[in-house]
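What follows is a set of notes on a single structure, which appears directly below.
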Amino acid sequence: MNQGAHHAQDPPTLAVTVRDLRVRRGGTTVFDGIDLEIARGGITGLMGPSGCGKTTLMRAIVGTQRIRSGTVTVLGREAGSATLRRRVAYDTQAASVYTDLTVEQNLRYFARLIGASRHDIERVLDQVNLRDQAGRRVDTLSGGQASRVSLAVAILGRPELIVLDEPTVGLDPLLREELWEVFHTLVAEGATLIVSSHVMDEALRCDRLLLMRDGRVIADTTPARLLSETGAADPDRAFLTLIERKAG
Ligand SMILES: Nc1ncnc2c1ncn2[C@@H]1O[C@H](COP(=O)(O)OP(=O)(O)OP(=O)(O)O)[C@@H](O)[C@H]1O
């Protein structure tokens with residue numbers, strides 16, 4: 001089948017479609033034929049234990065992961081297409097900003113790269129609550145502040161799909177709360193978010209959950225359904241119940 005035609009026909013309601021994706025990394029099979037769909041809008045949480053494939057899936061979605069076979073369609077285009085560059089943002093676990101520049105210098109630099117306006121820089125500074133730190137070098141900021149700089153860079157230019165790899169890792173509960181508020185604001189403005197976490201209580205803040213284990217999606221659900229279907233009191237217990245059910 002013509003790949004271009006296939007991607008172009010993807011329904012506009014879908015942000016991501018993965019079909020029969022196979023990926024190997026360093027001699028390990030991470031995905032051996034995985035399928036999933038993520039609708040536009042809302043926050044989809046990618047949850048699961050360390051090593052289950054969350055980062056690899058995100059890399060495939062943003063087009064930085066080499067794949068063996070299958071298709072990954074993002075906003076109707078093949079993942080990684082040049083036309084998606086400004087429509088899709090990815091914030092990795094590794095700090096992706098210049099630590100020897102100030103917050104504002106970083107934002108100006110990245111805004112220039114994508115053609116974002118001065119007004120957009122002001123918007124993201126307010127959105128991630130870093131206005132008071134705008135003139136400070138990133139290497140003088142706290143870990144939580146620095147991670148918000150890379151989030152600010154990611155949301156420059158109002159990308160339609162925002163992919164965030166463990167954005168709240170290492171943050172105190174207050175900062176995590178603040179970041180989740182930012183995520184919900186971005187969704188209210190029309191963005192689609194994909195957020196990975198292995199902190200199960202963050203699952204409750206998502207609109208939709210993909211629970212992964214060993215390179216497979218073991219549940220595609222919502223927080224309310226996850227709890228009611230497993231009868232568990234909290235998402236950690238619910239996840240374990242699901243694993244036990246799959247094993248049994
Ligand atoms: N560069 C690499 N070389 C070899 N194997 C890799 C590499 N990166 C990841 N892997 C393997 O791929 C699998 C999936 O890793 P991945 O980083 O996607 O998991 P993850 O769910 O994001 O984990 P974490 O929560 O720890 O970030 C793991 O088994 C891991 O060991």
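So what is log10(I(q)/I(0)) for segment 94-158 at q = 0.13, 0.14, 0.22, 0.25 1/Å, when the Debye sum runs over its Cα atoms only? These q points yield log10 I(q)/I(0) values of -0.26, -0.31, -0.79, -1.03.
Would you list 13, 55 from fewest to most Cβ contacts within 10 Å? Walk me through the numbers before you get to the answer.
Numbers: 13 9, 55 19.
Least to most surrounded, the residues fall as 13, 55.
Secondary structure note: in the chain, about 55% of the DSSP beta bridges are antiparallel.
Residues considered: 224, 134, 154. Largest GNM mean-square fluctuation over the chain, using C-alpha springs under 10 Å, is found at 224. From the alpha carbon centroid of segment 9-45 to that of segment 124-188 is 25 Å. Axis of helix 103-114 versus longest Cα principal axis of the chain: the two differ by about 70°, to the nearest ten degrees.
For Cα pairs less than 8 Å apart in space and 6+ apart in sequence, what is the mean separation divided by the residue count of the chain, i.e. the relative contact order in percent? Walk me through the intermediate numbers first.
Numbers: 451 pairs, mean separation 59.1, N = 248.
Value for the chain: 24 percent.
With R₀ set to 35 Å, the beta-carbon distance separating residue 137 from residue 216 gives a calculated FRET efficiency near 0.20. All C-alpha to C-alpha distances of the chain, sorted into 10 Å bins beginning at zero, yield P(r) values of 7, 30, 35, 22, 6, 0 percent in whole numbers.
Coordinate-derived values only; no laboratory data. These figures come from a predicted structure and were not determined experimentally. No Cβ is skipped: glycine too gets one built from the backbone with ideal geometry, and neighbour counts run over all protein chains shown.
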